[in-house]
Amino acid sequence: MQLGPDGRIYISRCNDITNESDYLAVINNPGREGTACNFISKGVSLGGRKNKLGLPNFIASYFRFEDPVIDMPNVFTPNGDDYNPVFKPILFNHMLDADLTIINRWGQRIFYTRDVETGWDGGDAPAGVYYWLLRYEGKNGKMGTAKGWVHLLR
């Protein structure tokens, strides 16, 4: 897949192009919605159709998504003063999906959310140390887990 100087997206097979049957398609208006191609999470589906417009012969290019980046605080203070009232990621980049679990010192799950950026407000949990587990899927397709502890101060 390559963006040409004319603004079109050219799609071909990764091997050398030797005849017209090796060409897949040209997306003439990549910014416009339509049925020429359908987006799928790890590529472009052209529904098996081929195009005889002719694509430029080029070295196969690819899209590279960065690895997920996560930074979590180690303390939060849900005490009504509006400073650090919620435990949530400080930095949360290159993610498609994630869930956050909070576990108390006895190993009991006390909080779970799929809305990681809303976070945990501490609820009625007493001050203390809690463990967190963040499971995620990065935009690069990698699944991962981050874990640590957080000190809830009241």
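Readers should treat all values here as calculations from the given coordinates under stated rules, not as data from a laboratory. Because the structure is a prediction, the values reported are computed rather than measured. Positions of Cβ are generated from backbone atoms using ideal geometry, with glycine treated the same way; all protein chains shown enter the neighbour counts.
Before moving on, here are some points about what is shown:
Conditions (1) in a loop (DSSP other than H, G, I, E, B); (2) basic (Lys, Arg); (3) in contact (Cβ under 8 Å) with a residue 60 or more places away in the chain, marked per residue:
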{"position": "Ile110", "(1), (2), (3)": "no, no, no"}
{"position": "Glu117", "(1), (2), (3)": "yes, no, no"}
{"position": "Pro126", "(1), (2), (3)": "yes, no, no"}
{"position": "Glu137", "(1), (2), (3)": "no, no, no"}
{"position": "Ala146", "(1), (2), (3)": "no, no, yes"}
{"position": "Val150", "(1), (2), (3)": "no, no, yes"}
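- One residue from Trp106, Trp149, Trp132 being out of contact with any Gly (no Cβ under 9 Å at 6 or more places or on another chain) and surrounded by 13 or more Cβ atoms within 10 Å (Cβ to Cβ): Trp149
- Annotation: Met143 fulfils all but one of (1) out of contact with any Gly (no Cβ under 6 Å at 6 or more places or on another chain); (2) under 30 Å from Glu66 (Cα atoms); (3) surrounded by 12 or more Cβ atoms within 10 Å (Cβ to Cβ); the unmet one is (3).
- Thr101 falls short of the stated requirement of being loosely packed, with under 11 Cβ neighbours inside 10 Å, in a strand (DSSP E or B) and of a type in the set (Val, Ile, Thr).
- Residue pairs meeting the criteria (Cβ under 6 Å; at least 6 apart or on separate chains; first in contact (Cβ under 8 Å) with a residue 12 or more places away in the chain, in region 68-86; second small (Gly, Ala, Ser) and in a loop (DSSP other than H, G, I, E, B)): Pro78/Gly122; Val86/Gly119
- Scope region 93-108; condition in contact (Cβ under 8 Å) with a residue 24 or more places away in the chain and on the phi < 0 side of the Ramachandran plot; matching residues: Asn93, Met95, Leu96, Asp97, Ala98, Asp99, Leu100, Thr101, Ile102, Ile103, Asn104, Arg105
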